[in-house]
Every structure is written in structure tokens, then in C-alpha cells.
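The values are calculated or read from the model by the stated rules, or taken from the named source; none is laboratory data. Everything numeric in this text was worked out from a predicted model, so none of it was measured. Virtual Cβ from ideal backbone geometry, glycine too; neighbours counted across all protein chains shown.
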Amino acid sequence: MRELRTDCYKKRITIELKNVNDLKGWFSEYMQTFIDGDEDCKRNVLLKADHTERVCREIVELGKALELNPQDIYLAEIMALFHDVGRFEQYIRYRTFVDRKSEDHALIGVTILQDKAVLDGFDNPTQDLILRTIQYHNRAALPQNETEQCLFFSKLLRDADKLDIWKVVTDYYHRENRRRNAAIELGLPDTPGVSEFVYQDIMKQQIVNADHIRNLNDFKVLQMGWIFDINFKPTFRAVQSRGYIEMIQDALPVSIQIQDIAEKVRAHLDWGLNHTKE
């Protein structure tokens, strides 16, 4: 992967709806190349393609709620379109979506976009801004030495991404067909209880450390704890109105530990609704 510049972005971005639609066409054609006769592969490739489509919608709605100008909304949608483009290659190559067991899917995606010159219709600063935002979307924390603009779009993408992942996992946990999907569950065992380190992470109001995950319950608690990494009031409002926290809690065993976790998470949700700027 070529090194990405981190200089301040100064040039005015010029993006039109046609740019977005052309890139969506490329994405669709690229995604189709990974669909073959393997039903498991097809199901998971389509899972990520559908996720991408919904994240695009989420980021557009967030952008409108934040009253971004049309240029910035188009730019954000392009970032959402390509944020998981590395997932297809990752799954074909490793049969997992777990980065720790394969490769960082964000970096795979950046390399694909560079090697295939997908963004060559934009000037270099715009390309770099898009690629850096994609590169950061799955990190535990954002870098502090970035431009204000890159950090804004990174936060916007991370919020939109989480909103749809919450939809995917809550739909899955409450599905009528109880067939398990190891790609969604990350191959974790469905064993009792919640790990103490996971519990302590939530009590400290911090994102659960992925190294602390031992079972499916831990993974569900990690998903509840994403609330600590939400950045914008419209996102907090969406989490509340859709009931994501309650639906994940309902998929967990009843215990004092889980009750403590839910109360800590809901307290931060309330804080975000009352104290985060529009």
C-alpha cells in the first residue's frame, strides 16, 4: 500500500451525483466477481454488499441531519461506499471477517482502490482524504495528528457504520431461523457468562478491548459498548428510537452483571442525547 499523505486539505472538493453513481456501478461489478457457486461465500458477500448499501443511506441521512452541504454529503457517501470494499477479498482469501485472524480489511480496501485506480477521477488531496478516512474507520481510536476535516468524516463514517452493524446483529439475534452464521458470530463459542475484563471495560465507560472477547456474550456486550464511541446527536437519537441497546440486552442472559452493563450503556446514551451538539 502506498503511503497516504496527511497534509492539510485545502482545495475545494468538486463532486457531483454522477461521480457517486459511477462509483456505485464499479462497486456492484466488482462485488459480483466474488459470487460463485459456493452458497456460504455468496451469502456472506451479499451480507457485506447489503451492509454497504445501508451504510451509504445512513451516512446520507446523518449528513442531512447535520445540515452538511451537498458536496460533503456526496463525499461522505463515497467513503461509505468503499469502507468495506476489502471485505470481499478478505472472505475469499481467509473465509473469515475477523481481522485478527486474517488482515486488516480497511487496509486491504485501500490497497484495492489504489491498485485499481478507482479514485483517479479526483485530485490527489481528495483521493487521500477518502483513503485515510477508510483506513481509520475500523480502528480502536482515531489518530490525534490528523486534520479536522479528516477526523470529522472519520467520525461520521464510524457512526453510520455502527448504526447498520447494530441493525445486522439485532436482526440476527432475533431471527426466526435459528441457523447460526459463523461470519457474524466471528466463530465465537456460545458459552455462559461475561468475561470479567469485558465487564470492567464497560464499567470504565470505554470500548471493550477485542483481546478480552472470549465468547458470544462478550461480543454482544462489546456491541452495546460501541455507544461510547458515538459522535453525533442524530446517531444517539437513532440508537434510542430503534431500540438497539434493548434488543442486544434481550439476547443476553439475565444477570446482575448484564443489568449493570445495560445501565451504564443507557446512562451514556442519555448523556449523548442531552449533551452532544447537533
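Some points to look at:
- In region 226-250, the residues that are in contact with a His (Cβ under 9 Å, 6 or more places away or on another chain) and closer than 16 Å to Ile202 by Cβ: Ile227, Phe228, Ile230
- Of all residues assigned to region 209-227, at least one qualifies as being more than 15 Å from the chain's Cα centre (by Cα), more than 22 Å from Tyr172 (Cα to Cα) and outside any helix (DSSP H, G or I).
- Any pair with Cβ under 6 angstrom, 6 or more apart, that starts in region 26-48 at a residue that is free of Cβ contacts under 8 Å to residues at least 12 places away in the same chain and ends at one that is assigned to a helix (DSSP H, G or I): Ile35/Lys42; Ile35/Val45
Quick grid of which residues meet (1) under 16 Å from Asp161 (Cα atoms); (2) in the same structural domain as Tyr30 (by TED's automatic domain parsing); (3) in a loop (DSSP other than H, G, I, E, B):
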{"residue": "Ala49", "(1), (2), (3)": "yes, yes, no"}
{"residue": "Gly63", "(1), (2), (3)": "yes, yes, no"}
{"residue": "Asp72", "(1), (2), (3)": "no, yes, no"}
{"residue": "Met79", "(1), (2), (3)": "yes, yes, no"}
{"residue": "Asn138", "(1), (2), (3)": "yes, yes, yes"}
{"residue": "Leu142", "(1), (2), (3)": "yes, yes, yes"}
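- Qualifying residue in region 162-170 (condition: farther than 24 Å from Lys42 by Cα and either in the same structural domain as Gly225 (by TED's automatic domain parsing) or surrounded by fewer than 22 Cβ atoms within 10 Å (Cβ to Cβ) (or both)): no
- None of Leu23, Leu4 is at pLDDT 95 or above, closer than 19 Å to His137 by Cβ and out of contact with any strand residue (DSSP E or B) (no Cβ under 9 Å at 6 or more places or on another chain) except Leu23.
- Scanning region 192-205 for residues that are surrounded by 14 or more Cβ atoms within 10 Å (Cβ to Cβ) and out of contact with any Pro (no Cβ under 9 Å at 6 or more places or on another chain) yields Ser195, Phe197, Val198, Tyr199, Asp201, Ile202, Gln205.
- Within region 93-122, tally of residues that are among the aromatic types (Phe, Trp, Tyr) and part of a loop (DSSP other than H, G, I, E, B): 2
- Some residue of region 164-186 being small (Gly, Ala, Ser) and over 13 Å from the mean Cα position of the chain (by Cα): yes
- When Ile92 is tested against (1) modelled with pLDDT of 95 or more; (2) farther than 20 Å from Ser154 by Cβ; (3) over 15 Å from the mean Cα position of the chain (by Cα); (4) of a type in the set (A, V, I, L, M), only condition (1) is not met.
Residues checked against (1) touching an Asp or Glu at 6+ places or on another chain (Cβ under 7 Å); (2) free of Cβ contacts under 8 Å to residues at least 12 places away in the same chain; (3) not in a helix (DSSP H, G or I):
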site	(1), (2), (3)
Tyr199	no, no, no
Asn231	yes, no, yes
Gln240	no, no, no
Glu263	no, yes, no
Gly272	no, no, no
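- Exactly one residue among Gln71, Gln32, Gln90 is in contact with a Phe, Trp or Tyr (Cβ under 9 Å, 6 or more places away or on another chain) and not hydroxyl-bearing (Ser, Thr, Tyr), and that residue is Gln90.
- Subset of region 174-197 (residues that are β-branched (Val, Ile, Thr) and part of a helix (DSSP H, G or I)): Ile184
- Among the residues of region 64-97, just one is surrounded by fewer than 15 Cβ atoms within 10 Å (Cβ to Cβ), out of contact with any Lys or Arg (no Cβ under 8 Å at 6 or more places or on another chain) and under 22 Å from Ala183 (Cβ atoms), namely Arg93.
- Residue in region 230-249 that is hydrophobic (A, V, I, L, M, F, W, C), more than 21 Å from Leu188 (Cα to Cα) and over 20 Å from the mean Cα position of the chain (by Cα) present: no
- When Thr133, Thr126 are checked against the criterion of being buried (at least 21 other Cβ atoms within 10 Å of the Cβ), of a type in the set (Ser, Thr, Tyr) and part of a helix (DSSP H, G or I), a single residue qualifies: Thr133.
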